[in-house]
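Reviewing the structure listed below.
Every number in this text was worked out from the coordinates using simple rules, so none of it is lab data. The model shown is predicted, which means the values in this text are computed figures rather than measured ones. A quick note on method: Cβ atoms are made from the backbone with ideal geometry, for glycine too, and the neighbour counts reach across all protein chains shown.
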Amino acid sequence: MTIARDLARYVSSVSFSDLSRETVHSAKRSLVDTFGCAIGAFNAEPARIARETLKGVESRHSATILGTHYKTDASFAAFVNGTMARYFDYNDTYDGKEFAHPSDNIFPILAVVEAQKGTGKDAVLGIALAYELQCRLADAASLWKHGWDHVTYGLVSVSAVAARLMGLGEEKIEQAINIALNSHITMRQVRAGELSMWKAPAFANSARNAIFAAELARNGMTGPSPVFEGEDGFWKLVTGKFDLDTRKFGNRRNKFKIGQNLFKYYPAETRAQTAISSAIEAEKSIRGVDAIKSVVVETNEAGYKILGKDPEKWHPATKETADHSLPYLVAVALLDKDINLSSTSERRIGDRKTLDLMKRIRVVENRRYTALFNKGGTVNAAGIRIILKDGSSVHKEQIYSRGHPKNPMSDEELAEKFIGLSSDVMSRSRAEYVIETIWKIEKIDGIGRLFSIAVLS
C-alpha cells in the first residue's frame, strides 16, 4: 500500500463520533484563535489584494469570503481567508522535525464544508483530521533543512481532508494527495532574507491548489503515483525516507495531535515568543536601555537560522521581516515592555532608538535549547543576557512560552485575544456573539451561519 493510500484510508476511517470531548474542545479553541486572527487582518494589504482579485469569481461550489457577503469558489475563499488568518503571524504553531501552523488548515476546511453544505460537526472533524495529518508529517521529516517550506505538508492535509469532506472514497482521496503534492511544493525562500507579503498567503496558496486537486480527483483525474516512494518522488527529491504509521494516528483509541499546538501570546514568530518574554522580564532589572552595553539573545538552531542569521534581520524593511527578527523584537520588547500589533508597523520599524539598540544585540545558538527543541513538543526556549555599562549583568530565560500546552492560555484568554484583534472592525458584543457561536459549533446545521454573523459593516 502506498503512503498516500494509507493516509487516504486513515482519513476515511475516522468519524465525528471518534472524537473525544477534549478533541472537540481543542478544535473550538483553535477556531476561536484563528477566526480572531483573520478578522483582525481584514484590512491588511495582502488580504485586500487577495479579496479584490478573487471576490468576483463565481462557482457552483462556493464559500464565503470572511467579513463580507461575497461568495467565490471554495478554493479561492480558502486563499483569501487563509491569507487573513496568517497575516499577523499570531495563529498557532506546532514543531516536530518540521515547523507547522496547523491552524492554516482551518479556513480551507471551512470553505469546503460550506461549499458542500456541511455541518458544524463536519467542520470539527475536518479540523481535527487536518491537524493530525500536518502534525504527523511534521514529526516524520524536516522540510526546512532541505530548503523546502513547511506549507508543503499542507498540500497533503488539505487535499486529503477536502476530498473526504466531498464524500470521496479512498481511491480518489489518494489521487487528490498525488495531484496536490506532486505539483505544488514550496521553496523555503518565502521565509529567508527580507520577507515579502507572500509570507501570509503561502499556505493559503497551497490550500487553494489542494482543494483544486480534490475537485479534479472527484471528477476522475489521477495523479503521479507513488508520490512519496516513487523513483522521482517526494522521498528522493525532498525529504529522504521516513516512517509514518497511521495506526498511531488519532482515533477512538489514540489521542489526536490537536491540543498539542502552541497558541501565540505575542504577534511574532514562534521562536521569538520566549525571547520576548525573557526580554520583558529582564528589563524590570535595569534602569532604562541607556544603561545597556550589550545584549546576547540565546536561541535554538532554528531560531538562529530563521530569526538571527540574515543581515536583513538587523535592518527590517517590512512588517514580515520585523516579526521574524530576534534583534528587532527583543529591542522593541526592551523599549516598550511589550510586543503588540503596532510593534511591526511601518512607522515603528524605522524608529532610530530601536535601530540603535539593535546594534548592541547579538544572536547566538544555545545548544541546550537546540537539544530541548529536538526532543519535540514545540519547546523553543530562549534566554536574554544583558551586560550593563557598570559591568553588572542580568540573565533571564523561558523554556515554555505562554500558550504552550505546559504553560497554557485559558479559553477566556483566547476569547480576549479575539476581541482585541477584532476591535478595529467589530464591536465587542458582535465579537462575543461570534465566539459564543464557535463554542457551540457542533450544533450548527450549516457552517455558512458562522460567516453570516461575522460580516463587517
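Overview of results
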| quantity | calculated |
| --- | --- |
| Simple label model, 7 Å out from Cα along Cβ direction - residue 443 to residue 59, nm | 3.2 |
| Ratio of the Cα radius of gyration of region 58-100 to 2.2 N^0.38 Å, where N counts its residues | 1.47 |
| Relative contact order computed over region 246-321 (Cα-Cα under 8 Å; 6+ residues apart), in percent | 21 |
| Neighbourhood charge, 12 Å Cβ-Cβ cut-off, centred on residue 387 and excluding it, Lys, Arg +1 and Asp, Glu -1 | +4 |
| Loop trypsin sites (Lys or Arg not before Pro), region 410-457 (other Cβ atoms within 10 Å of the site Cβ: 12 or fewer; DSSP) | 440 |
| Taking the convex hull of Cα positions in the chain, its mean projected area over all directions (nm²) | 20.1 |
| Computed magnitude of the charge dipole of the chain (debye, nearest 20; Cβ of K, R +1, Cβ of D, E -1) | 600 |
| Around residue 442: net Lys/Arg minus Asp/Glu count, Cβ-Cβ under 10 Å | +3 |
| Where trypsin sites (Lys or Arg not before Pro) fall in DSSP loop in region 18-85, at most 11 other Cβ within 10 Å | 60 |
| Among 388, 286, 334 - extreme Cα towards positive end, dipole of region 270-398, charges at beta-carbon | 388 |
| P(r), alpha carbons of region 47-127 - 5 Å bins starting at zero, rounded % | 3, 17, 24, 22, 18, 10, 5, 1, 0 |
| Ascending count of other beta-carbon atoms within 10 Å, so fewest first, for 62, 278, 206, 342 | 342, 62, 278, 206 |
| Loop GluC sites (Glu not before Pro), region 3-93, which have at most 10 other Cβ atoms in a 10 Å radius of their Cβ (DSSP) | 58 |
| Part-to-part distance (alpha-carbon centres) for region 154-214 and region 13-90, which is given in Å | 15 |
| Kirkwood Rh (inverse of mean 1/r, distinct Cα pairs), region 226-283, angstrom | 15.5 |
| Simple spin-label estimate for residue 423 and residue 248 in nanometres, 7 Å along Cα-Cβ | 4.4 |
| For residue 412, net neighbour charge (Lys/Arg +1, Asp/Glu -1) across residues whose Cβ lies under 15 Å away | -1 |
| Pairs beyond 20 Å (Cα-Cα), from 71/117; 337/396; 353/389; 284/313; 121/255 | 284/313 |
| Dimensions in Å of region 292-423 - Rg and Dmax from alpha carbons | 15.6, 45 |
| Span from the region 260-286 Cα centroid across to the region 289-325 one, whole angstrom | 13 |
| Considering only region 270-398, percent of DSSP beta bridges that pair antiparallel, nearest 5 | 70 |
